[in-house]
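Asks: Handing you a structure now.
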Amino acid sequence: MVAVVRTRVARTRFTMGLAVALFAAGVGPVAHAASIETIAKQAILVDITSNTVLFEKSPDQRMAPSSMSKIMTMYMVFDAIKEGRLTLESTLPVSERAWRMQGSKMFVELHNNIKVDDLIKGVIVQSGNDACIVFAEGLAGSESAFAERMNKRARELGLKDTNLTNATGWPDPNHYMTARDLSILAEHLIKDFPEYYHYYSIREFKYHGINQGNRNPLLYRGMDVDGMKTGHTEAGGYGLTASAEREGRRLILVVNGLPSMQARADESARLIEWGFREFATYALFKAGETVDQVPLWLGAQDTVPVTVPEDMKVTMARADRSGMKVSLVSNAPVAAPVKKGDVVGKVVVSAPGFPGKEFPVVAAQDVEKLGFVGRALAAAKFLIFGAS
């Protein structure tokens, strides 16, 4: 059976058969465009609008994340606020350990009680190691206990190669992440706490009479970047986790191992602009929109309408768009009964140079099985006329 469907991006052919067809390219997470290189030791660029990796270089190699691991510290803080264990107006005490903390500082005052709102800005804008210690001790009693909580949450979030020993990113051979894990964490923070993400776009913050600018260089370049966090240690080099939103698309970039602050700024800007320029995201179907009809065997009706449970979007190189092919693949006819929401096939999107992507399709309604008489008539019809 062949049906022709017009979508918002192309007129495409959907093919259903008795066997499930498989594309040789399989389901690949990485889209491909004109090649690009980077001097970063580790890098990943992801379009989270369609969950597509646009570029990667050693994304699963363990690395020193430096202050980029403060994204996890802030994830824990925002989670505590969301659960009601903290408010923005809550205050936390400054211990001598926090006050003496070296590296980048917010310059907290010894034994003072500081508002959570100010501490958040101290971590995000000023990269304050001292503020991180205040949060760790305030939420878990000690930094080591806080690190244990962070590692537990990291596993829950699907970070497969992350181990954190402190709240600041302070150099430690056992404190490591991967570029891929950082991109996943950044996406979770953006999506799980949209009401607090705006802190990452604050360009400067004054505390204790000292005004400090946000260390993220891309906030000042007018290129739609609205976060997130820089990092630097001798072991890790210069790194940046950045996010930008443009025309309905959001990209997350992680780079690390760069040789200088200038290289960090220039390489990050170049990779993000390349991602927006060379790729586009195409919306094919909205959640709940009927894709097509799938034939049924011994059903109370001959077909069942199928839909996609979530918005169906694909990101691919703009140059590959003209060769896009969208196929509905199913073991048709599907045996009745069918319940609404049952997976009855998949939509496969392919194009030259695009590795392919699959989306499940589900029944849009319940369809009961024919009764005894109906099944007998259907069997007789099949014997006389064969499959239709």
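The values are calculated or read from the model by the stated rules, or taken from the named source; none is laboratory data. As the structure is a computational prediction, the values presented were derived from the model and not from experiment. Glycine gets a Cβ as well: all are built from the backbone with ideal geometry, and neighbour counts include every protein chain shown.
Asks: For A376, all conditions in the list (1) at pLDDT below 90; (2) under 23 Å from the mean Cα position of the chain (by Cα) hold save one; what is the number of the exception?
Replies: Here A376 meets the rest and fails (2).
Asks: Mind telling me which of the residues D292, D342, D320 ends up being without any contact (Cβ under 8 Å) to a residue 24 or more places away in the chain, touching a strand residue (DSSP E or B) at 6+ places or on another chain (Cβ under 7 Å) and either buried (at least 19 other Cβ atoms within 10 Å of the Cβ) or not hydrophobic (A, V, I, L, M, F, W, C) (or both)? Don't jump to the end; show me each part of the working.
Replies: Values: D292 fails: without any contact (Cβ under 8 Å) to a residue 24 or more places away in the chain; D320 fails: without any contact (Cβ under 8 Å) to a residue 24 or more places away in the chain.
Answer to the selection: D342.
Asks: Got at least one residue in the range 165-184 being farther than 20 Å from S268 by Cα, of a type in the set (S, T, Y), touching a residue at least 60 places away in the same chain (Cβ under 8 Å) and touching a helix residue (DSSP H, G or I) at 6+ places or on another chain (Cβ under 6 Å)?
Replies: Quick first cut of the range 165-184, residues farther than 20 Å from S268 by Cα only: 165-176.
From what is left, the residues that are of a type in the set (S, T, Y) are 165, 168, 176.
Filter once more, keeping what is touching a residue at least 60 places away in the same chain (Cβ under 8 Å): 168, 176.
Still in the list and also touching a helix residue (DSSP H, G or I) at 6+ places or on another chain (Cβ under 6 Å): 168.
Yes, there is a match, as at least one residue in the range 165-184 is farther than 20 Å from S268 by Cα, of a type in the set (S, T, Y), touching a residue at least 60 places away in the same chain (Cβ under 8 Å) and touching a helix residue (DSSP H, G or I) at 6+ places or on another chain (Cβ under 6 Å).
Asks: Still on this structure, I have one more. When the residues of the range 228-253 are filtered to those that are free of Cβ contacts under 8 Å to residues at least 40 places away in the same chain and of a type outside the set (D, E), which remaining residue is nearest to I71 (Cα to Cα)? Let's see the steps before the verdict.
Replies: We begin by selecting, within the range 228-253, every residue free of Cβ contacts under 8 Å to residues at least 40 places away in the same chain; these are 238, 242, 244-247.
Subset that is of a type outside the set (D, E): 238, 242, 244, 246.
On the way: Y238: 16, A242: 11, A244: 16, R246: 22 Å.
Only one residue fits best here, namely A242.
Asks: Which residue is nearest to E137 (Cα to Cα), if the candidates are limited to the range 92-111 and must be more than 35 Å from the chain's Cα centre (by Cα) and surrounded by fewer than 14 Cβ atoms within 10 Å (Cβ to Cβ)? First the steps, then the outcome.
Replies: Taking the range 92-111 first, the residues more than 35 Å from the chain's Cα centre (by Cα) are 95-97, 99-100, 109-111.
Those left that are additionally surrounded by fewer than 14 Cβ atoms within 10 Å (Cβ to Cβ): 96, 100, 109-111.
Values: E96: 11, R100: 14, E109: 15, L110: 14, H111: 13 Å.
Residue satisfying both the conditions and the ranking: E96.
Asks: Give me a count of the residues in the range 307-353 that are assigned to a strand (DSSP E or B) and either over 20 Å from the mean Cα position of the chain (by Cα) or among the β-branched types (V, I, T) (or both).
Replies: Step one: of the range 307-353, the residues assigned to a strand (DSSP E or B) are 307, 312-317, 325-329, 331, 334-335, 338, 343-351.
Okay, now just the ones that are also either over 20 Å from the mean Cα position of the chain (by Cα) or among the β-branched types (V, I, T) (or both), so 307, 314-315, 325-329, 331, 334-335, 338, 343-351.
Number of matching residues: 21.
The rows are residues; the columns are (1) of a type in the set (D, E); (2) closer than 21 Å to M177 by Cβ; (3) in contact with a helix residue (DSSP H, G or I) (Cβ under 6 Å, 6 or more places away or on another chain).
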{"position": "M223", "(1), (2), (3)": "no, no, no"}
{"position": "M228", "(1), (2), (3)": "no, yes, yes"}
{"position": "L251", "(1), (2), (3)": "no, yes, yes"}
{"position": "W274", "(1), (2), (3)": "no, no, no"}
{"position": "L298", "(1), (2), (3)": "no, no, yes"}
{"position": "P305", "(1), (2), (3)": "no, no, no"}
